[in-house]
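Scroll down for the structure; my scribbles are underneath it.
The values are calculated or read from the model by the stated rules, or taken from the named source; none is laboratory data. Please read these numbers as outputs of a predicted model, since none were measured by experiment. A quick note on method: Cβ atoms are made from the backbone with ideal geometry, for glycine too, and the neighbour counts reach across all protein chains shown.
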Amino acid sequence: MTDLLPPWPLFSAFLLASLALAVTPGPGVLYVVTRSLVQGRGCGLVSVAGVAFGNLGNAVAASIGLAALFAVSSFAFSVVKSAGALYLIYLGIRMFRSSSVENPASKPEVAPLGRVFREGFVVALLNPKTTVFFAAFLPQFLAPSAPPMLQSMVLGSLFVAIAAVTDSAYALAAGMVAPMLRGNSARRMGLRFGSGIFVGLGVFAALAAARSDE
């Protein structure tokens, strides 16, 4: 295993770069925080697992050369980025609609954990920021003495683990605030706030993709 890791100076630089990307708020982090606020820390941790598997999917894609395709094809990058933006907008609209039809006298609808996991997986998988990170940084830490695919898989898995730890911290912190949203009206406000985050982030990503195509 140690043969698949770069020397310590390079390895420490990789860890710092991974940590910086993991703690930067992005689609995955915002999804985890929103789910934790709306449904509590347990649901937030399930969303962390979904996001982690989505990140792992990006790592596997980078290892088999998909990241290289994105690096040379602006069209492929734009397609993935646009798909991710549309999915975020879809999540926001659905969350807003659920808050609008909620009966104040009844218990708010709770999204099934399976759906929370799947949505977190898709949000992370369609985030090209992670794929570009792998494509741009992993080659700098690969040694010629070991198979490049195995090295990239090991380093990619380490990044996924780091991101899972930081996302869990976000989920636990947001879960501490969740009890304040127990009332139906307060929970409705939380749902609408979360829907605004998703729609706003999706619109921002779509505009950024459109600018990159110009």
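Only one of these conditions is not met by Met153: (1) surrounded by fewer than 19 Cβ atoms within 10 Å (Cβ to Cβ); (2) of a type in the set (A, V, I, L, M, F, W, C); (3) modelled with pLDDT of 75 or more; (4) over 22 Å from Leu91 (Cβ atoms). Which number is it?
The number of the failed condition is (1).
Could you tell me whether any residue of the range 104-111 is modelled with pLDDT of 70 or more and closer than 17 Å to Gly50 by Cβ?
Checking the range 104-111: at least one residue is modelled with pLDDT of 70 or more and closer than 17 Å to Gly50 by Cβ.
For the range 40-69, what are the residues that are out of contact with any Phe, Trp or Tyr (no Cβ under 7 Å at 6 or more places or on another chain), at pLDDT below 85 and either under 13 Å from Ala169 (Cα atoms) or in a helix (DSSP H, G or I) (or both)?
Result: Ala61, Ser63, Leu66, Ala68, Leu69.
Looking only at the range 153-176, which residues are among the small types (Gly, Ala, Ser) and either farther than 14 Å from Val46 by Cα or in contact (Cβ under 8 Å) with a residue 40 or more places away in the chain (or both)?
Selection gives Gly156, Ser157, Ala161, Ala163, Ala164, Ser168, Ala171, Ala173, Ala174, Gly175.
Val29: in a helix (DSSP H, G or I), crowded, with 23+ Cβ neighbours inside 10 Å, modelled with pLDDT of 85 or more and under 18 Å from the mean Cα position of the chain (by Cα), yes or no?
When the stated conditions are applied, Val29 does not pass them.
Quick check: is even one residue across the range 115-137 modelled with pLDDT of 90 or more, surrounded by fewer than 17 Cβ atoms within 10 Å (Cβ to Cβ) and within 14 Å of the chain's Cα centre (by Cα)?
Within the range 115-137 (the criterion being modelled with pLDDT of 90 or more, surrounded by fewer than 17 Cβ atoms within 10 Å (Cβ to Cβ) and within 14 Å of the chain's Cα centre (by Cα)), the answer is yes, since at least one residue qualifies.
Can you tell which of Ala169, Ala173, Ala143 is within 21 Å of Ala17 (Cα to Cα), out of contact with any strand residue (DSSP E or B) (no Cβ under 7 Å at 6 or more places or on another chain) and modelled with pLDDT of 90 or more?
Only one candidate passes the filter, namely Ala169.
Please work out which residue is nearest to the chain's Cα centre (by Cα), limiting yourself to the range 1-26 and to residues that are of a type in the set (Ser, Thr, Tyr) and loosely packed, with under 14 Cβ neighbours inside 10 Å.
The residue in question is Thr24.
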